[in-house]
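FYI, it's all coordinate maths here, none of it is from the lab. None of the values given here were measured: they were computed from a predicted structure. Note that each Cβ is placed from the backbone with ideal geometry, even for glycine, and that neighbours are counted across all protein chains shown.
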Amino acid sequence: MQNLLDLDRPALVDWFAARGEKPFRAQQVLKWIHQQGVDDFDAMTNLAKPLRAALNVGACIRGPAVAADQRSADGTRKWLFQLEDGNRIESVYIPEADRATLCISSQVGCALNCSFCSTARQGFNRNLSTAEIIGQLWMANRLLAADGEPPVSNVVFMGMGEPLLNFDQVLRAVHLMQDDFAYALSKRRVTLSTAGVVPGLERLARETDISLALSLHAPDDALRDELVPLNKKYRIAQVLQACKNYVGEGRRRVTIEYVMLAGVNDSDRQAHALAALLRQIPAKVNLIPFNPFPDTRYRRSDARRIDRFRDILYGAGIVTITRRTRGDDIDAACGQLAGDFKDRTRRRARIAIEVRGGAA
C-alpha cells in the first residue's frame, strides 16, 4: 500500500496517471494532506466517490506515531516519534514571537561521530524515508492545531543525522515543504545544516536554493579532525569553497555553526583564526553554547568567553550572534537529541567500554 506522504507532487502526478487520473488530482490530494492535515480519504469531498474508494484500497496517509511529547519551561516542545520498524527519532518545536521553527531529523542516528554530539554517540541505524521526514512536519502541525498553537513557519534540518547522506529523500521532502499546494515555505524558511559533505553540497547547488548552515566548530583542520571526523575526508578549505559556490555572489550568506567548548575552541587566537578563515566567505556566525550530555568530556564556555569570542568576530566585520539555549531542561537543545534505536555501528558498546575503562 502506497503511503502518500512519501510522494512529492511530480511523483504523486505520476502515481495518479498510472491509475488513469488527471494531474490535478495530485494538487487536490496534496492540499488535503499537507494543508488540511487530513488522513481520511472519505473526508476529501472534492474527490469522486469511486476515487475515494480506490484510494482506501491502494493508498494510506500514515505519519510516525507519537511515543512521547515533552514541553520545556521556555515553550520548546520535543516529540519522540515511533517509526514502523520500532526505531524512534526526535523532533523539536521552538516557538518565538515572529516564527515557529521545527527542527527535524533526516536519519535514525548519525554515522559522522562528531565528538561533542549526543546523537553521534548513539550510533547509526538507517536513513529515513521521505514519509518519515515530511511526516515529522505533518504530525507537528496536526498536534499543534489540536492544541491551539501556531503552525510551523520554519524548518531546519538540524536534528538527528547528516541530511546530505540521505540526499534523495531529503530533497523530496524539501520539495514538499516548498510546494504551493503543500507547505509553501520559502527558501529562507527551510535550512539544511551539514557537517560538510562536499559532493552533496555540489549536488544541492544544482537542485535547490534553500538556506545553508555549516557545522564548522573549529578554525583549523587539526582541531576539526578531532571534533568532526568527516573533516579528514573533506578539508575546511574545500568545504568552505563548496559553501561559497552554493550561496553565490548575491546577498545570501551561509550560516557557520560553531559550538563553544571551554578550553578547546574558544580562545582569542582561535577567534582571530576563524575571522581570517571567513574573510572571503559570505557568512554569518552562530555561536552555540555547548549543551552537556552524560559522559561527555566537554564543558560549555562561560558567558564572558563567548561574548569575547563574538566581539572579536564582530570587530572583524563578521555578523555574529550567540544562539539562545532552548529546551535544555528536556534534552531538546542543540546536540542533545538521541532517540531510541538499534545502533548498527556498535558505537554505544565501544563508548560504554571506554567509560568503564576497559579494553576495546
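Side notes on the structure shown:
- Label-to-label distance, nm, for residues given as Ile321 and Arg299 (7 Å Cα→Cβ offset): 2.9
- Segment 212-251-segment 8-26 distance, computed between alpha-carbon centres (Å): 40
- Between Gln82 and Ala276, the FRET efficiency from the beta-carbon distance, with R0 = 41 Å, is close to 0.30.
- Net length available on complete extension from Ala18 to Lys284 is 91.1 nm, with 0.36 nm assigned per residue and the Cα-Cα distance removed.
- Using the Cβ-Cβ distance between Val57 and Ala97 with R0 set to 35 Å, the FRET efficiency works out to roughly 0.15.
- Distant-in-sequence amide H partners of Ile256 (H built 1.01 Å from N, under 5 Å): Leu214, Lys284, Val285, Asn286
- Full extension of the chain segment joining Glu207 with Asp40 gains 56.9 nm, where the gain is 0.36 nm per residue of separation less the Cα-Cα distance.
- Of the DSSP H helices in the chain, those whose Cα atoms cover at least 20 Å axially and whose Kyte score averages 0.5 or more: 130-146
- Restricting the calculation to Cα atoms, the chain yields a radius of gyration followed by a Dmax of 21.2, 70 Å.
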